2 protein chains.
Amino acid sequence: MVSDDSNLHPEPSGKMPAEINGLRMTRQRWETYRLLMTQKDHPTANDVFRRIQKRLPNISLATVYNCLEALVKHGIVRQVNFDREPSRFCPNLAEHGHFHDESNGSIHDVTFKPGIDLSEVLDLPEGTVITDIELTLRGKLPTTKI
Amino acid sequence: MVSDDSNLHPEPSGKMPAEINGLRMTRQRWETYRLLMTQKDHPTANDVFRRIQKRLPNISLATVYNCLEALVKHGIVRQVNFDREPSRFCPNLAEHGHFHDESNGSIHDVTFKPGIDLSEVLDLPEGTVITDIELTLRGKLPTTKI
DNA sequence: CGGGAACCTAGAACGATTCCAATTCCTGGC
DNA sequence: GCCAGGAATTGGAATCGTTCTAGGTTCCCG
Ligand SMILES: [Mn+2]
Ligand SMILES: [Mn+2]
Ligand SMILES: [Zn+2]
Ligand SMILES: [Zn+2]
């Protein structure tokens, strides 16, 4: 269920583009974006901070927060919240929910069965405008291979 | 879509029962429960704290948090999270999601159309165990009467 | 080359929630 | 009823993810 958006966003392995979605790229934003595209395990801001230091030893945590906020605001990545835990970040822009596997803490993207429109199965009054849907699940996936 | 659970939980207007769902009732827990059952607008812990002082002038915020946590742990009320905002609390135990009306900040329960089982429309591997589903929407309801 | 805006950074500040230690309240057994 | 032990409540301190602030750096454009 990986949509081919290679023509929408630049390859994270190529050269840094001048901008993405109207957001001017900087070294720090580009590396943040690259990291999320490469390691799609829904890292927290702090995870990103620790991992990104290999490439940008002088980056600050505040900058990681700034970059993530900028990327989210421009619709380049998504912010995912589980209860009151630290926010996580996801580069998958397709409509999907998140499954939190409690047996090992991993988080997985969940899509809907073909032909399903979530807004269609909801009991909402005529004329309701939905700007955002967030679906989170908790449980255990089968045959959990750590 | 209001399920008749009047036989499951005591009337919040009656006498304080010795316990609910195995949770021993105290003055503070009972008033917290009553308040949530009476004012179903999904108040935050702080909202509960401010409102409950009319009946319990000496209650502390820590106690409100303690009571809410106890009620949640015993499945008497539910905790609802919107992004990183303060948690809200909901006495509706039926399966439902939450619609956040951005035009006035109000929060409304959302049920599914009859016959819909949310776990059935998800693309999950065989054998997945779902222990909890959380659905939150943002948008505008029609003809918003402030 | 400058000048101004946008960015980055370190550290302080914030705020919802949790923790802590002391006090008060309950309850079951005498 | 009265007491001891456990549970609950309380006010204040601590926590911790996130946001804010102030100063330094870089980028953009003329
Ligand atoms: Mn959530
Ligand atoms: Mn949420
Ligand atoms: Zn995702
Ligand atoms: Zn609700």
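Conditions tested, residue by residue: (1) in the same structural domain as residue A:36 (by TED's automatic domain parsing); (2) more than 19 Å from residue A:38 (Cα to Cα); (3) of a type outside the set (A, V, I, L, M, F, W, C); (4) within 16 Å of ligand 4 (Cβ to nearest atom).
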site: A:81; (1), (2), (3), (4): yes, yes, yes, no
site: A:84; (1), (2), (3), (4): yes, yes, yes, no
site: A:111; (1), (2), (3), (4): no, yes, yes, no
site: A:128; (1), (2), (3), (4): no, yes, yes, no
site: A:135; (1), (2), (3), (4): no, yes, no, yes
site: A:138; (1), (2), (3), (4): no, yes, yes, no
site: A:142; (1), (2), (3), (4): no, yes, yes, no
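To keep it simple, each residue is scored yes or no on (1) open to solvent by 70 Å² or more (accessible area, probe 1.4 Å); (2) at pLDDT 95 or above; (3) within 13 Å of ligand 3 (Cβ to nearest atom).
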{"residue": "A:45", "(1), (2), (3)": "no, yes, no"}
{"residue": "A:58", "(1), (2), (3)": "yes, yes, no"}
{"residue": "A:77", "(1), (2), (3)": "no, yes, yes"}
{"residue": "A:81", "(1), (2), (3)": "no, yes, yes"}
{"residue": "A:85", "(1), (2), (3)": "no, yes, no"}
{"residue": "A:89", "(1), (2), (3)": "no, yes, yes"}
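Would you say residue B:93 is over 17 Å from residue B:135 (Cα atoms) and touching a residue at least 40 places away in the same chain (Cβ under 8 Å)? When the stated conditions are applied, residue B:93 does not pass them.
The residue list B:110, B:121, B:64 contains one member that is open to solvent by less than 70 Å² (accessible area, probe 1.4 Å), more than 8 Å from chain A (Cβ to nearest Cβ) and β-branched (Val, Ile, Thr), which is B:64.
Given A:75, A:115, A:97, which one is within 12 Å of chain B (Cβ to nearest Cβ) and at positive phi? Show your work before the answer.
On the way: A:75 fails: within 12 Å of chain B (Cβ to nearest Cβ); A:97 fails: at positive phi.
Within the list A:75, A:115, A:97, the selection yields A:115.
Can you find, within the stretch B:106-146, the residue that is nearest to residue B:43 (Cα to Cα) among those that are of a type in the set (D, E, K, R) and assigned to a strand (DSSP E or B)? Residue satisfying both the conditions and the ranking: B:109.
The values are calculated or read from the model by the stated rules, or taken from the named source; none is laboratory data. This one's a predicted model, so the numbers in the text were calculated from it and none came from an experiment. FYI the Cβ positions are ideal-geometry reconstructions off the backbone, even for glycines, and counts take in every protein chain you see. Note: areas computed on protein heavy atoms with side chains; ligands, DNA, RNA excluded. Shrake-Rupley method; radii C 1.70, N 1.55, O 1.52, S 1.80 Å.
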